[in-house]
1. Please compute the modelled spin-label separation between Q122 and I146, points set 7 Å along Cα→Cβ, answer in nm with one decimal.
2. So how compact is the chain: Cα radius of gyration and Dmax in angstrom?
3. Could you give the length gained on full extension between T41 and E58, defined as 0.36 nm per residue of separation minus the Cα-Cα distance, in nm?
4. Return the long-range amide H neighbours of L78 (sequence gap of 5 or more, or a different chain), with a cut-off of under 5 Å between placed amide H atoms.
5. When Lys and Arg each count +1 and Asp and Glu each count -1, what net charge do the other residues less than 15 Å away from F82, Cβ to Cβ, add up to?
6. In deg cm²/dmol and to the nearest 500, what is the mean residue ellipticity at 222 nm of the chain if only DSSP H runs of at least 4 residues count, each as -39500 (n - 2.57), divided by the residue total?
7. What full-extension length gain, to one decimal in nm, is calculated for E25 and H114 as 0.36 nm per residue of separation minus the Cα-Cα distance?
Amino acid sequence: MKVMVGGTFSPLHAGHRVLISRAFEIAGPDGHVTIGLTSDTFAGSKTHPIEPFEERKERLMEFIAQSNFSTPYDIEVLHDRFGTTRTSHFDALVVSEETYPVGKEINAERHSLHHPCVEIHQISCVLAEDGRWISSTRIWKGEIDIDGKMKHSETES
């Protein structure tokens, strides 16, 4: 199965790792995964700092290598939220609860262009220790680490 997944992945956190792992799981060893990674320009609209594209790509490739996925993959640059999803031949899109509406928009765009709709696989957002979603914004604010563990201020004992 050909699967697509996308994001900024800055920093690459536990929720991202689940999202990407699910894409490889759905694709299976005989499938293919395309990971859309936002360009620095497109990612610049975020409200928190973003690591440079090459650093994010390197960290993503390290995670994939450490995970020993046997499925072939490629990484494409996303200059907008759709990337090549409007016209690419693929079977499934993996999204989070947060990005599910974009998945629906992608299928609407595909339909309007007379391309078949794709399966949308939504994962649940991964929760931090405090029961709230792990997010890059929370990590950049210093509330949690990339695994969702609470960060305690130095004044606490």
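Derivation of every value follows stated rules applied to the coordinates shown; laboratory data play no part. Bear in mind the structure is a predicted one, so any value in this text is a computation, not a measurement. Backbone-built Cβ (ideal geometry, glycine too); neighbour counts: all protein chains shown.
1. Calculated label separation equals 2.8 nm.
2. When restricted to Cα atoms, the chain yields Rg and Dmax of 16.1, 61 Å.
3. On the way: separation 17, 0.36 × 17 = 6.12 nm, distance 1.79 nm.
Length gained between T41 and E58: 4.3 nm.
4. L37, T38, S39
5. Details: positive: R81, R86, K104, R110; negative: E76, D80, E105, E109.
Surrounding charge for F82 is 0.
6. Numbers: 5 runs with 51 residues, N = 157.
The helix contribution divided over the chain gives -9500 deg cm²/dmol.
7. Working: separation 89, 0.36 × 89 = 32.04 nm, distance 2.82 nm.
Gain on stretching E25 to H114: 29.2 nm.
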